[in-house]
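Read the structure below first, then the notes.
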Amino acid sequence: MQDGENIRKTETLNIDMIGFIFYPKSPRYIYEMPDYMPVHARRVGVFVNEPRQTIEMFADRFGLNFIQLHGHESPEYCRSLQSNGFKLIKTFSISCIKDLHSVYDYEKYCNYFLFDTKCQQYGGSGNQFDWSILHAYNGNVPFLLSGGINPYSAKALREFHHPRLAGYDLNSRFETKPGRKDTERIRLFLNELRQQ
Ligand SMILES: O=C(O)c1ccccc1N[C@@H]1O[C@H](COP(=O)(O)O)[C@@H](O)[C@H]1O
């Protein structure tokens with residue numbers, strides 16, 4: 001998210017985490033702190049194949065609680081970030097069961113995994129993948145479900161169960177424009193999601 005007032009409003013919806021995209025090619029890219037930063041929601045920084053110095057600089061500047069690695073970062077790189085005190089969310093791009101094979105190499109170093117749709121531009125595609133592929137994931141690390149989740153996804157999400165599912169990542173399908181969330185759309189969606 002990019003705008004202070006928009007962040008403040010979104011946080012009132014009892015969101016657990018709010019994300020900041022530090023990928024320069026993204027329309028959501030941010031490099032200066034907005035005039036309001038989340039207090040209750042955890043701050044997540046999203047990086048794509050960045051060197052450690054860049055992650056450290058933004059983590060310090062934005063007071064990040066989690067680092068989301070959305071590129072081709074290796075297990076060794078995750079190990080080194082973790083040993084420097086970072087809490088990690090490692091993204092895996094999914095289009096078939098084979099895409100889950102490498103996740104187990106990252107287990108020791110990550111607090112969460114994030115399963116997103118495989119696409120050309122790393123993330124923010126707005127497209128969903130076949131969530132049933134995730135039934136093949138039998139690791140211990142909890143995961144966040146991502147990729148094109150939209151205001152009409154609530155029913156399907158309520159019907160999707162997995163013992164390690166820890167949360168949902170709402171991005172481009174809940175925006176008025178890149179980097180700005182439609183808080184009313186999120187509020188209605190959360191109400192529907194929480195229905196029995
Ligand atoms: O949103 C972006 O611009 C972005 C760019 C580069 C890497 C990740 C990015 N966003 C992440 O992509 C997923 C899925 O988003 P969507 O729902 O399909 O729009 C999400 O984790 C975002 O944090």
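The values are calculated or read from the model by the stated rules, or taken from the named source; none is laboratory data. All figures in this text were calculated on a predicted structure; none of them were measured in a lab. Cβ placement follows ideal geometry from the backbone for every residue including glycine, while neighbour counts extend to all protein chains displayed. We work out accessible area using only protein heavy atoms, side chains counted, and drop any ligands, DNA or RNA first. Shrake-Rupley method; radii C 1.70, N 1.55, O 1.52, S 1.80 Å.
Which value at 222 nm does the chain reach when only helices count, each DSSP H run of 4 or more adding -39,500 (n - 2.57), with the total divided by all residues and rounded to the nearest 500 deg cm²/dmol?
On the way: 5 runs with 45 residues, N = 196.
Counting only the DSSP helices, I get -6500 deg cm²/dmol.
In sequence order, the range 47-62 has phi-based couplings of 10, 10, 6, 8, x, 4, 4, 5, 4, 4, 5, 6, 4, 6, 5, 9 Hz under the Karplus curve 6.51 cos²θ - 1.76 cosθ + 1.60, θ = phi - 60°, and Gly or Pro positions carry x.
Keeping all protein chains in place and using 1.4 angstrom, which order do 57, 1 fall into by accessible surface area, from largest down?
Details: 57 80, 1 20 Å².
Correct descending sequence by accessible area is 57, 1.
A full extension of the chain between residue 5 and residue 61 corresponds to an added length of 18.3 nm, given 0.36 nm per residue minus the alpha carbon distance.
Measuring r between the beta carbons of residue 49 and residue 194 and using R0 = 30 Å, the FRET efficiency lands at 0.25.
The range 1-83: Rg/Rh from Cα coordinates, Kirkwood Rh?
On the way: Rg = 12.9 Å, Rh = 13.2 Å.
Computed over Cα atoms, the ratio is 0.97.
How large is the direction-averaged shadow of the alpha-carbon convex hull of the range 2-192, in nm²?
Values: hull surface 40.1 nm².
Taking the Cα atoms of the range 2-192, their convex hull projects to 10.0 nm² on average.
Calculated on the alpha-carbon coordinates, the convex hull of the range 34-143 measures out at 121 cubic angstrom per residue. Here the range 103-196 is described by how far its Cα atoms reach on the three principal axes: 39, 35, 22 Å, from widest to narrowest.
In the chain, the DSSP beta bridges split such that about 5 percent are antiparallel, to the nearest 5.
Residue ranges 121-133, 88-100 sort as 88-100, 121-133 when ordered by packing (mean number of other C-beta atoms within 10 Å per residue, highest first). Derived scalar couplings between HN and Hα for the range 158-173 equal 4, 8, 9, 10, 7, x, 9, 5, 10, x, 10, 10, 9, 10, 5, 7 Hz in order, rounded to whole Hz, by the Karplus curve 6.51 cos²θ - 1.76 cosθ + 1.60 (θ = phi - 60°), x for Gly and Pro. Label sites at residue 132 and residue 96, each approximated as a point 7 angstrom past Cα along Cα to Cβ, lie 1.7 nm apart.
Proximity of backbone amide H atoms, modeled 1.01 Å from N, is registered between residue 46 and 20, 21, 22, 68 at under 5 Å, excluding neighbours fewer than 5 places apart on the same chain. Distance from the alpha carbon centroid of the range 61-136 to that of the range 10-50 works out to 17 angstrom.
Computed from backbone phi with θ = phi - 60° and the Karplus coefficients 6.51, -1.76 and 1.60, the 3J(HN,Hα) list for the range 136-141 is 7, 7, 10, x, 9, 6 Hz; x is used for glycine and proline.
Provide the FRET efficiency to the nearest 0.05 for the residue 35-residue 104 pair, computing r from the beta carbons and using R0 = 30 Å. Could you put the intermediate results ahead of the total?
Working: r = 42 Å, r/R0 = 1.40.
The pair residue 35/residue 104 has a calculated efficiency of 0.10.
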